[in-house]
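Structure first, then comments.
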């Protein structure tokens, strides 16, 4: 069971007993009092107690005992006037000392307040620096995260760029191949156009020659075919119309050929369609043009030929 705390009276009695046991007849001084009585010795003597409470009580008892001892040491042989003067000087010195003590206490208090203010300001600064450090750490964490994301994005974009570069190389190769194919197609188209043009010119010359032969035959046989003059005239008119139609077809074909030659560079992608159109035009031209005649045909054969030429 814990022992109860000692009362001030018990502490006072114990301190006086310790001073008596020390056997010092002279009045105790502060140094002597501390040598004889201490908080540790008093606590051991009492068997326990709060060190702070014992220290405060011991300080009060020390002041009382030392002050009483100094009062007992007053010199009785000194005259009263001198004692009064000394007491006045002493009191003045104590007053001055008290004023100095008060001043020092004020300065100490001001220093303490300044220190407290500085400490408070320092704590505020530390707290502000902690907040700034926290924000800086958060910003650094955010920056690290953004940097990691940027690095990942950079790696992805680098891989994408490599893929695109490879794709661009493939597309360049495909473009070169397509250009070569287009060049080949243009060359073949030009050759086909030249061939068609040559054949058309040959057919035109052949048609003109055949027309000339037919005209010569008509003029040679005019005297003998007086009875069939009207028929010959109709035949000549039909031949003239056929020639005009063939000339118109020739002009149309030339215009179509010039238009096709002018648009060949812009119509590379439709070369196959143009070839199909050229084949259709060739078939139409072959269907319109009459077959060439190697020998002069008799009158009946020329008549039949004129009929075929007059047909659309």
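Condition test on residue 210, is it assigned to a helix (DSSP H, G or I) and either within 22 Å of residue 282 (Cα to Cα) or not assigned by TED's automatic domain parsing to the domain that holds residue 271 (or both)?
Answer is yes for this residue.
Would you check if residue 186 is surrounded by 11 or more Cβ atoms within 10 Å (Cβ to Cβ), touching a residue at least 40 places away in the same chain (Cβ under 8 Å) and farther than 30 Å from residue 262 by Cα?
no
Hey, residue 249 hits all of (1) free of Cβ contacts under 8 Å to residues at least 60 places away in the same chain; (2) in a loop (DSSP other than H, G, I, E, B) but one; which does it fall short on?
Exception for residue 249: condition (2).
Counting only residues that are part of a loop (DSSP other than H, G, I, E, B) and under 19 Å from residue 64 (Cα atoms), which one in the range 24-50 is modelled with the lowest pLDDT?
25
Could you check the range 36-62 and list, in sequence order, the residues that are in contact (Cβ under 8 Å) with a residue 40 or more places away in the chain, within 12 Å of residue 15 (Cα to Cα) and buried (at least 17 other Cβ atoms within 10 Å of the Cβ)?
54, 57, 58, 61
Residues in the range 232-246 that are farther than 19 Å from residue 205 by Cα and free of Cβ contacts under 8 Å to residues at least 24 places away in the same chain: how many?
Of the residues in the range 232-246, 4 are farther than 19 Å from residue 205 by Cα and free of Cβ contacts under 8 Å to residues at least 24 places away in the same chain.
Residue under question is residue 162, and the condition is that it be loosely packed, with under 12 Cβ neighbours inside 10 Å and not assigned by TED's automatic domain parsing to the domain that holds residue 287; does it hold?
Yes; evaluated as a whole, the condition is true for this residue.
The values are calculated or read from the model by the stated rules, or taken from the named source; none is laboratory data. These numbers come from a predicted model, not from an experiment. Heads up, the Cβs are rebuilt from the backbone with ideal geometry, glycines too, and the neighbour counts pull from every protein chain shown.
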